[in-house]
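> Pasting a structure below so you can have a look.
The values are calculated or read from the model by the stated rules, or taken from the named source; none is laboratory data. Worth saying up front: this structure is predicted, and the values here are computed from it rather than measured. All Cβ positions, glycine included, derive from the backbone under ideal geometry; neighbour counts span all protein chains shown.
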Amino acid sequence: MEDAEEMQSVGLRLRREGAFPVLVPTMGALHAGHLSLIERAKEEGAPVIVSVYVNPLQFGAGEDLAVYPRTGEADRQACEAAGVDIFFAPRDLYAADHSSYVTEEALSAGRCGRSRPGHFRGVATVVVKLLNLTQAATAVFGWKDAQQLSVIRRLVRDLAFPVRIVPVEIQRDRDGLAWSSRNRYLSPEQRERAAAFPRILAEAARRPDGCAWASAELSRVPGCRVDYVEEADGRLCGAIWIDKIRLIDNFPCGA
Ligand code: AMP
């Protein structure tokens with residue numbers, strides 16, 4: 001389904017029939033991390049809607065919007081195979097004169113919000129729009145984007161959205177790297193260097209001096225620049241660049 005109005009009338013009909021949809025919002029290029037969100041969504045026993053939308057509002061100038069992987073047909077097939085009820089892939093969600101935004105003003109400020117100004121305003125705006133279009137009563141998010149998860153939880157609480165937010169733990173590939181659509185940007189050689197990130201962060205999450213230790217260890221990885229390593233929500237969270245590719249990850253502290 002591509003049409004936003006059609007999505008909203010289907011969502012409203014499902015609600016009238018007492019079937020409260022579960023939403024899994026994504027930007028596509030689906031991988032095992034997304035599939036674990038879908039599996040969790042299915043456990044709710046309600047219609048599962050997966051949205052695929054590369055949201056221009058959450059990309060800053062000079063970021064990777066133009067080259068972000070778009071694998072629409074493969075995504076649709078993966079959702080069909082996973083038993084998703086509605087695959088919602090709108091072409092565009094914003095009118096040319098769109099001028100309304102949702103902002104969360106405390107949790108959005110640090111970490112990724114610092115190096116990506118406007119990012120969480122874009123995320124909050126699209127999530128609210130997707131909730132309105134799908135009429136979802138439950139939405140599933142990954143811990144992979146820990147700051148995004150806390151921003152969404154805060155906005156749902158602050159603005160009294162009748163939506164339950166369900167978090168899902170991070171899924172990792174064999175080398176420990178968290179699945180991410182952006183991993184496609186890594187060459188095999190860059191990927192080897194990137195694999196040091198989860199190794200170092202996992203170890204740091206067990207140390208009392210974790211933040212400083214991880215920053216020092218990461219800056220020894222060739223071509224690695226640390227954006228931040230900070231504790232938040234009981235997790236040690238980090239963002240780095242491997243050459244020009246930005247990666248984020250986190251581990252529960254003390255685990
Ligand atoms: P994205 O398509 O990157 O916007 O991600 C869509 C959703 O999938 C977000 O809630 C992410 O946190 C979640 N997600 C992405 N990668 C992973 C992963 N490796 N494990 C668990 N959830 C993930």
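> Which pairs do you get when a residue that is more than 14 Å from I165 (Cβ to Cβ) and more than 7 Å from the ligand (Cβ to nearest atom), found in the range 11-28, comes within reach of a residue that is in a loop (DSSP other than H, G, I, E, B) and polar (S, T, N, Q), reach meaning Cβ atoms under 7 angstrom, with the pair 6+ apart or on two chains?
Short answer, once both residue conditions are applied: G11/Q135; L12/Q135; L14/Q135; R15/Q135; P21/Q135.
> Keeping to the range 146-184, report how many residues are of a type outside the set (A, V, I, L, M, F, W, C), closer than 23 Å to A109 by Cα, more than 7 Å from the ligand (Cβ to nearest atom) and without any contact (Cβ under 8 Å) to a residue 40 or more places away in the chain.
3
> Evaluate the following for V84: is it within 16 Å of the ligand (Cβ to nearest atom) and assigned by TED's automatic domain parsing to the domain that holds G28?
For V84, the condition - within 16 Å of the ligand (Cβ to nearest atom) and assigned by TED's automatic domain parsing to the domain that holds G28 - is met.
> Restricting to the range 149-174, and then to whatever is out of contact with any Phe, Trp or Tyr (no Cβ under 9 Å at 6 or more places or on another chain) and either among the aromatic types (F, W, Y) or not in a helix (DSSP H, G or I) (or both), can you tell me which residue is farthest from V226 (Cα to Cα)?
It comes out as P162.
> Residues being among the acidic types (D, E) and more than 14 Å from the ligand (Cβ to nearest atom): count how many of those fall in the range 109-145.
0
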